[in-house]
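The values are calculated or read from the model by the stated rules, or taken from the named source; none is laboratory data. Bear in mind the structure is a predicted one, so any value in this text is a computation, not a measurement. Cβ atoms come from the backbone with ideal geometry, glycine included; neighbour counts cover every protein chain shown.
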């Protein structure tokens, strides 16, 4: 199709032809016919000899935190033996302005690269593509468009703060260590659950000599298999926890905790008070599932619909409720209702007097801004049984 220059020249040519007919001036006919002919020839050339360009897209990462840049590189290959015409590239990006730039003629049988940078400012998923490539003739009168429909998906997740991995006997109390000597919150393979009589083939190192002496027969320990601990992080999405600005903060807390748990080899799950949830995440390679869930989390409702919390799971509640910040009783009620061992609150509350800090006996961490959680999380012990310390 004609470019904007081509359309103007075509309009000028038609006007010249009409003027030549109206006034009987031959020169106007010549000028008009030449202008129209130039546009027609440019269109025919673009149709008969289209450029043979192919395109590949690479991104620096398919998962980034808010405000982290994403570098996008486009590799354009000219599969023809002749140089390509000048190309105009239009890269569509969901939730942001399209990326537009021109590409100089590409030599035959060669590849050139162009790049641009995206700087996402909020959680979500960026869809990059399709890419529209328009090649223009040498006079800039006609162009032909090609659409490359391949899309690239980039998850923009909440910021993650580095936390010391928690440790916890399965079904026991949450403990937040001040060191990294033992990160697992699950059972170790050297723990055993029962003694049984010795049978031929048992490892002699597993004989329990004290029981053997008391029972006057060889007794061996039956070991429990190694199994991970499990943590459930519940995000309070009741108002004001349903606001985008509030969820930007609560999802960051949840992401930091879940990443620390999965990094230590334990299991984790994320729930919201209105019933949304991730599947049970059993390996650090599944952290992307949690981050995508948090990237897309929006809205909420007043009702609490939390069901089927594993009885062996340690529960951490993350809330921006002003009542939970200002009122010990409301916080205790929330912990009891969600079976939470620990409540992490974020915000200033109604009175605006709550400063960042930790209540070890009450199982409460309070935050007022980013960067505070790692120091407050690094404690030798923080909570007992669900809600018990809050009474």
So which residues in the stretch 263-299 are over 20 Å from residue 156 (Cβ atoms) and touching a strand residue (DSSP E or B) at 6+ places or on another chain (Cβ under 8 Å), if there are any at all?
264, 266, 267, 268, 269, 271, 273, 277, 279, 280, 282
For residue 263, state whether it is within 20 Å of residue 371 (Cα to Cα) and touching a helix residue (DSSP H, G or I) at 6+ places or on another chain (Cβ under 7 Å).
yes
Filter result for residue 245 (under 21 Å from residue 65 (Cβ atoms) and touching a residue at least 60 places away in the same chain (Cβ under 8 Å))
no
Inspect all residues belonging to the stretch 105-113 and state whether any of them is modelled with pLDDT of 85 or more, at positive phi and more than 22 Å from the chain's Cα centre (by Cα).
yes
Select from the stretch 28-51 the residues that are at pLDDT 85 or above and exposed (fewer than 14 other Cβ atoms within 10 Å of the Cβ) and write down the one among them that is nearest to residue 87 (Cα to Cα).
37
Residue count for the stretch 99-149, restricted to those that are without any contact (Cβ under 8 Å) to a residue 60 or more places away in the chain and outside any strand (DSSP E or B):
11
Kindly indicate whether residue 316 is touching a helix residue (DSSP H, G or I) at 6+ places or on another chain (Cβ under 7 Å), surrounded by fewer than 21 Cβ atoms within 10 Å (Cβ to Cβ), in the same structural domain as residue 250 (by TED's automatic domain parsing) and in contact (Cβ under 8 Å) with a residue 60 or more places away in the chain.
no
Return a yes/no flag: does the stretch 21-35 have any residue that is under 27 Å from residue 102 (Cβ atoms) and outside the structural domain of residue 116 (by TED's automatic domain parsing).
yes
Matching option when the condition is outside the structural domain of residue 288 (by TED's automatic domain parsing) and surrounded by 14 or more Cβ atoms within 10 Å (Cβ to Cβ), among 67, 110, 84, 102
84
